[in-house]
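Below you'll find the structure, written out as structure tokens, and then a few comments.
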4 protein chains.
Amino acid sequence: MIIVMRLGATQEQVDAVCSVIRERGHDPLPLPGEGRVAVGIPALLSNDERIAMEAALATLDGVSKVTQTTSPFKLASIEFHPEPTAVEVGGVRIGPGRFVVMGGPCSVESYEQFRAAADVVKAAGGTVLRGGAFKPRTSPYSFQGLALEGLKIIKQVAGETGLVSISEVMSADMVGTVGEYVDVLQIGARSMQNFPLLIEAGRSQKPVFLKRGPSATIDEFLLASEYVLNQNNPNVILCERGVMPIDRTYTRNTLDLSSVPVLKELSHLPVVVDPSHGTGVARFVAPMAKAAMVAGADGVMVEMHPNPKTALSDGSQALTPSQFEGLMGELRRLAEFSGLAL
Amino acid sequence: MIIVMRLGATQEQVDAVCSVIRERGHDPLPLPGEGRVAVGIPALLSNDERIAMEAALATLDGVSKVTQTTSPFKLASIEFHPEPTAVEVGGVRIGPGRFVVMGGPCSVESYEQFRAAADVVKAAGGTVLRGGAFKPRTSPYSFQGLALEGLKIIKQVAGETGLVSISEVMSADMVGTVGEYVDVLQIGARSMQNFPLLIEAGRSQKPVFLKRGPSATIDEFLLASEYVLNQNNPNVILCERGVMPIDRTYTRNTLDLSSVPVLKELSHLPVVVDPSHGTGVARFVAPMAKAAMVAGADGVMVEMHPNPKTALSDGSQALTPSQFEGLMGELRRLAEFSGLAL
Amino acid sequence: MIIVMRLGATQEQVDAVCSVIRERGHDPLPLPGEGRVAVGIPALLSNDERIAMEAALATLDGVSKVTQTTSPFKLASIEFHPEPTAVEVGGVRIGPGRFVVMGGPCSVESYEQFRAAADVVKAAGGTVLRGGAFKPRTSPYSFQGLALEGLKIIKQVAGETGLVSISEVMSADMVGTVGEYVDVLQIGARSMQNFPLLIEAGRSQKPVFLKRGPSATIDEFLLASEYVLNQNNPNVILCERGVMPIDRTYTRNTLDLSSVPVLKELSHLPVVVDPSHGTGVARFVAPMAKAAMVAGADGVMVEMHPNPKTALSDGSQALTPSQFEGLMGELRRLAEFSGLAL
Amino acid sequence: MIIVMRLGATQEQVDAVCSVIRERGHDPLPLPGEGRVAVGIPALLSNDERIAMEAALATLDGVSKVTQTTSPFKLASIEFHPEPTAVEVGGVRIGPGRFVVMGGPCSVESYEQFRAAADVVKAAGGTVLRGGAFKPRTSPYSFQGLALEGLKIIKQVAGETGLVSISEVMSADMVGTVGEYVDVLQIGARSMQNFPLLIEAGRSQKPVFLKRGPSATIDEFLLASEYVLNQNNPNVILCERGVMPIDRTYTRNTLDLSSVPVLKELSHLPVVVDPSHGTGVARFVAPMAKAAMVAGADGVMVEMHPNPKTALSDGSQALTPSQFEGLMGELRRLAEFSGLAL
């Protein structure tokens, strides 16, 4: 149950709501909103309790409405925040009416490589620059990223090109460091349920780009976002990047595009699709990126490398610069058709 | 390895190719084509054998080219038939340049219900009418379809409205009967590896609409189509209808849209997407149908019922007539944008 | 809801129960039992309806008890038949207190091969002989079985050795033919939801060995068995043979051994495990066969070939004769320890 | 390729091997062993390179043998360490010839609760005491564990009862703290690819109990262990705890018992099975624990709570004390039968 307070409700009014909830044997959960406060009751109520609780709360001063949420997530739910959220960062708006394109290489390999990639993204009209400094690699013998040196390159190149930067952070104790160098903290699919990391990313107040785990249910995904939101950080962007496939022969994952309308129905958070990891094959990125736009996504994250054949990681899924430019052209036309700003 | 003969190659020339293959210790597989014959070698050859075989065959009279196919399927492969296939049935063309919309209820329930659905499909611009007479139902206690009576209704309504009809056949011994009443034989997801049924449907020479099984790999899917093609029946339409989901909470299956570009790369057969079974939820049909078009599909099959609330099966995923009309409008605009005929 | 009648309840008493159900707006489903009749109500009742229905029925003459089943299956449910069922065929008992070992090659290849396999099974103490005459093969270019010739070999060899025979039937129209030659009809994993086949196998009154489909839920599996049971054929043996794997690298499927206790809790039907298909690797058959016994299975079906290297199908998962003998020894000792007859 | 050096090979001899590898254009990877050193070549070599490299290395002084490993993991591989590894901790040996039982509650809730659980484990003959202080919970609104207070209780109770303790650590920065209080560091399924955590746990030199992720392939699982081993920490115990299920209705996961023989064939590391998380249902723990022993596992981890109904987490899968005692009795008899020490 969520009790949404009126705009301008006083702390006393909120306290009164909490008192009534406690008197009835339950713990209130204050849910801080943007200018507006709500109070949640995480516990499951019996039918009788629910009716009685609703009656007791609905007429209190400062209460705007009492809504039921049967979903286990609260702050991420559309009931709590019926308007779609737009996350704004460095002048880029990720949310309704826009389609953001995030591009760049899997890994930052050198200043030259990353600057070349950034120039392509910028020239083609992309607004967000991705690149990994800390790389979660299945094998300890694979390239692990340039670490701090990579972060410095990201910061420099983002500054030079005016692009918003995003990069992955892999553990709670690195949130501060990564946050100093990049604009958006990415939490990778393998870290989706790294709860200390989610909490620390929430505390940082930086925008958080949260990727769905390969076997995560929708509820688990939204509950992971709830860990960030619950730290008073409303700036969460969800990312669908493919789930465990039936068949690993032709694609690396199965891009679950229907998660876009599902997430949009359940939550107010923006949803971005990653067709590069979602398919693992450069040739399939363009059709799936366009399909993502049409299915209602707020953007795509696409891997592009100045020279995919020499890439130190994930070269097979990276677009070449000219493929990236071609895709941007296609997306621009489709966005115009769809009434979206790119 | 596939040896494609020239147009007009004689039987003697084909026999000579087969003889050479046999002399080298392998079994030739004659692959009948449309006016053109090919010969396959299903066995895996060693590198040395392959080179020697190629040299021995390439210069024989009547041989057009010798191609390698590493894929286990032959007749379905793009190597065998580099041009995309269009299946033509009753004046409707399913294949390149067109986007077919197949609509209708899950089950035929009565003449009135089915005629009402057909009128909606026709008026909205759909060309193929679907409806089940024999229903594969998980429980023996669920509605099993009107059987022969349903087939008669389909034939009557298709005749009255001029729509092409499609309906499911569930066993080999019913192929003849169903084929008398409908234009296209549907083989359902649960029957994808019902091999006697595939062979009999192939023999019928009717167009076959083959749905992917919920846990079928791409290779298994294409090999199932090979059973039909191998009976000299080139009229196979592939249908992606969703695979086993990570999460059954919000969708019934996971629509694997990336299978569209994957299938297009491997095979020449047309690919239709079923967003109704693919999601199981009427609200998600429209975004996924549009995404299917953008991803390169040749059409969609959509469930629509004159009154979904009273449907005897699958009501939750059926569109209402007005939702269907709305979807047709959206698809028509997107098709125009994409340079496709609807 | 299931209304179990007393032993010897008259038809009038059953009719009276059905009348009361109809008067209350629901369809009764007569459930024929072994000497005892029950009546099911497949519809979902509201709480109020359920209480009223129970009150109206419980005191009627001939009613033994009224039980709730929330499960969608009826005849397969433990509520309907609280005692475990033993299927008896040719002097072999499959059910409580016993552990049956079914052995033999994937395919019948010749009289000599099959007789050699049968001799090994017999000598080692196995009681059921398996062998495929009609083979469901993923590719049309793979060996498809000896068909009728294979059935004749099975019948001859079973007669000569005194073993009970089991072989797969792939379509409804072949049930009669296969039933003439073998003792137990096997329905393969790919046919688990071939409903015409299930119905026809039910009608044949032959024992039916039903394999779980690779992506079938437990409910779907038991509902498939319900199609057979519902034809007055109580002789169904369930077979767990592995589900779709996370990882196809080292095993062909994931043997879901926990389905054994799950099925035992929900149903009275015997459960046999197939570790050969469940793993796809001969080396893993023995540990999983023993684990199946300990987990509560009523038997195992194991592939063994006189010479696996020359097998025309599935050679990599077939035991050699001496491996089979070794496994039988291990199973015999473990059965003794466990208080089971082999 | 792995070059295993003779016992007592000198550093000069190892350096010579590395030099030859470098001269041929590849990076050597020194693989520290127990008293014996090996050198790996992580890169994939062409057939020609491989033969030439083998010839160049085989005759060098100090080289014992040159083996191929096609597997991506090195230190975890059976090729590198052909004898099964036993991890010894606090007088308990986890490895060949023994079957370890780890028991205890999901979460440490209080001294009284944890001491009561420990007394049951001890009395029944268990040797390792589990209990979570930091709990990875899907929802931020669920009980998150007692944290440091929980660790203190674990240390106290383990000391009082003489049991070896194990508890989960969720992030790299907590490895030091958790390591001060417990004997074995558990890395949970959701953290299997938390690479900073794996590295830090490796550095700690504490025994590491690594759970398989719910959608992790066998290679991914062993590569995760490689991150720990690669830090010169040979004390890794693998834990199978169930993979993503086909069907969440009756079990929480699908316990993949065939992973036991698969892991045993690929790796020398001990393998423990967790039937509590693997099934999620207390009733199914005993059959699956026994099946695990028979399938070749080195032990089980079982959840037990003094009073499951009041458990703050995962109560539905926890055994009662008397169920735990019953299971221990069954395991003891089966271990005796199997020639294992408990």
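Residues in the range A:308-340 that are modelled with pLDDT under 95 and out of contact with any helix residue (DSSP H, G or I) (no Cβ under 7 Å at 6 or more places or on another chain): A:Thr310, A:Ala311, A:Leu312, A:Ser313, A:Asp314. Residue count for the range C:126-161, restricted to those that are of a type in the set (D, E, K, R) and in contact with a helix residue (DSSP H, G or I) (Cβ under 8 Å, 6 or more places away or on another chain): 4. Of all the numbered requirements in (1) within 27 Å of D:Val236 (Cα to Cα); (2) touching a residue at least 40 places away in the same chain (Cβ under 8 Å); (3) more than 7 Å from every other protein chain (Cβ to nearest Cβ), D:Val294 misses one, and that requirement is (3). For the range D:202-221, filtered to residues that are at the interface with chain A (Cβ under 9 Å from one of its Cβ atoms) and outside any loop (DSSP other than H, G, I, E, B), the residue that is surrounded by the most Cβ atoms within 10 Å (Cβ to Cβ) is D:Glu220.
How many of the residues making up the range B:222-243 are more than 26 Å from A:Leu263 (Cα to Cα), free of Cβ contacts under 8 Å to residues at least 40 places away in the same chain and within 12 Å of chain C (Cβ to nearest Cβ)?
Restricting attention to the range B:222-243, the residues satisfying the condition of being more than 26 Å from A:Leu263 (Cα to Cα) are B:222-238.
Still in the running and free of Cβ contacts under 8 Å to residues at least 40 places away in the same chain: B:224, B:227-228, B:231, B:233, B:238.
With within 12 Å of chain C (Cβ to nearest Cβ) added as a condition, the list becomes B:224, B:227-228, B:231.
Matching residues across the range B:222-243 total 4.
Looking across the range D:59-100, the residues that are more than 9 Å from D:Ser267 (Cα to Cα) and among the small types (Gly, Ala, Ser) come down to D:Gly62, D:Ser64, D:Ser71, D:Ala86, D:Gly90, D:Gly91, D:Gly95, D:Gly97. Please verify whether A:Val260 is under 16 Å from the mean Cα position of the chain (by Cα) and assigned to a helix (DSSP H, G or I), treating the condition exactly as stated. The answer is yes for A:Val260.
Only one of these is touching a Phe, Trp or Tyr at 6+ places or on another chain (Cβ under 7 Å) and over 18 Å from C:Asn194 (Cα atoms): B:Ile246, B:Ile218. Name it. Walk me through it before giving the result.
Details: B:Ile246 fails: touching a Phe, Trp or Tyr at 6+ places or on another chain (Cβ under 7 Å).
It is B:Ile218.
Of the residues that make up the range C:244-257, is at least one of a type outside the set (Val, Ile, Thr), part of a helix (DSSP H, G or I) and more than 7 Å from every other protein chain (Cβ to nearest Cβ)? There is no residue in the range C:244-257 that is of a type outside the set (Val, Ile, Thr), part of a helix (DSSP H, G or I) and more than 7 Å from every other protein chain (Cβ to nearest Cβ).
The strands (runs of 3 or more DSSP E) falling completely within the range D:82-186 that include 1 or more residues that are within 14 Å of chain A (Cβ to nearest Cβ) and within 30 Å of A:Leu223 (Cα to Cα) map to D:164-168. When B:Lys135, B:Lys65, B:Lys74 are checked against the criterion of being charged (D, E, K, R), touching a strand residue (DSSP E or B) at 6+ places or on another chain (Cβ under 6 Å) and surrounded by fewer than 16 Cβ atoms within 10 Å (Cβ to Cβ), B:Lys65 stands alone in meeting it. When you scan the range A:299-310, do you find a residue that is out of contact with any strand residue (DSSP E or B) (no Cβ under 6 Å at 6 or more places or on another chain), in the same structural domain as A:Ala117 (by TED's automatic domain parsing) and under 16 Å from A:Val100 (Cα atoms), even just one? Scanning the range A:299-310 turns up at least one residue that is out of contact with any strand residue (DSSP E or B) (no Cβ under 6 Å at 6 or more places or on another chain), in the same structural domain as A:Ala117 (by TED's automatic domain parsing) and under 16 Å from A:Val100 (Cα atoms). Inspection of the range D:268-281 identifies no residue that is outside any strand (DSSP E or B), crowded, with 24+ Cβ neighbours inside 10 Å and out of contact with any Leu (no Cβ under 9 Å at 6 or more places or on another chain). Residues of the range B:102-135 that are under 24 Å from the mean Cα position of the chain (by Cα) and of a type outside the set (A, V, I, L, M, F, W, C): B:Gly103, B:Gly104, B:Pro105, B:Ser107, B:Lys122, B:Gly125, B:Gly126, B:Thr127, B:Arg130, B:Gly131, B:Gly132, B:Lys135.
Restricting to the range B:292-342, count the residues that are in a helix (DSSP H, G or I) and buried (at least 19 other Cβ atoms within 10 Å of the Cβ).
Residues of the range B:292-342 in a helix (DSSP H, G or I): B:292-295, B:308-310, B:315-317, B:321-338.
Filter again for buried (at least 19 other Cβ atoms within 10 Å of the Cβ), leaving B:292-295, B:308, B:317, B:321, B:324, B:327-328, B:331, B:334.
Residues meeting the conditions: 12.
When A:Tyr111 is tested against (1) surrounded by 20 or more Cβ atoms within 10 Å (Cβ to Cβ); (2) in the same structural domain as A:Asp274 (by TED's automatic domain parsing), only condition (1) is not met.
What are the residues in the range B:258-285 that are among the small types (Gly, Ala, Ser) and more than 9 Å from every other protein chain (Cβ to nearest Cβ), if any?
Filtering the range B:258-285 for residues among the small types (Gly, Ala, Ser) gives B:258-259, B:267, B:276, B:278, B:280, B:282.
B:Ser267, B:Ser276, B:Gly280, B:Ala282 - these are the residues of the range B:258-285 that are among the small types (Gly, Ala, Ser) and more than 9 Å from every other protein chain (Cβ to nearest Cβ).
The values are calculated or read from the model by the stated rules, or taken from the named source; none is laboratory data. Here the structure is a predicted model, which is why all the values come from computation and not from measurement. All Cβ positions, glycine included, derive from the backbone under ideal geometry; neighbour counts span all protein chains shown.
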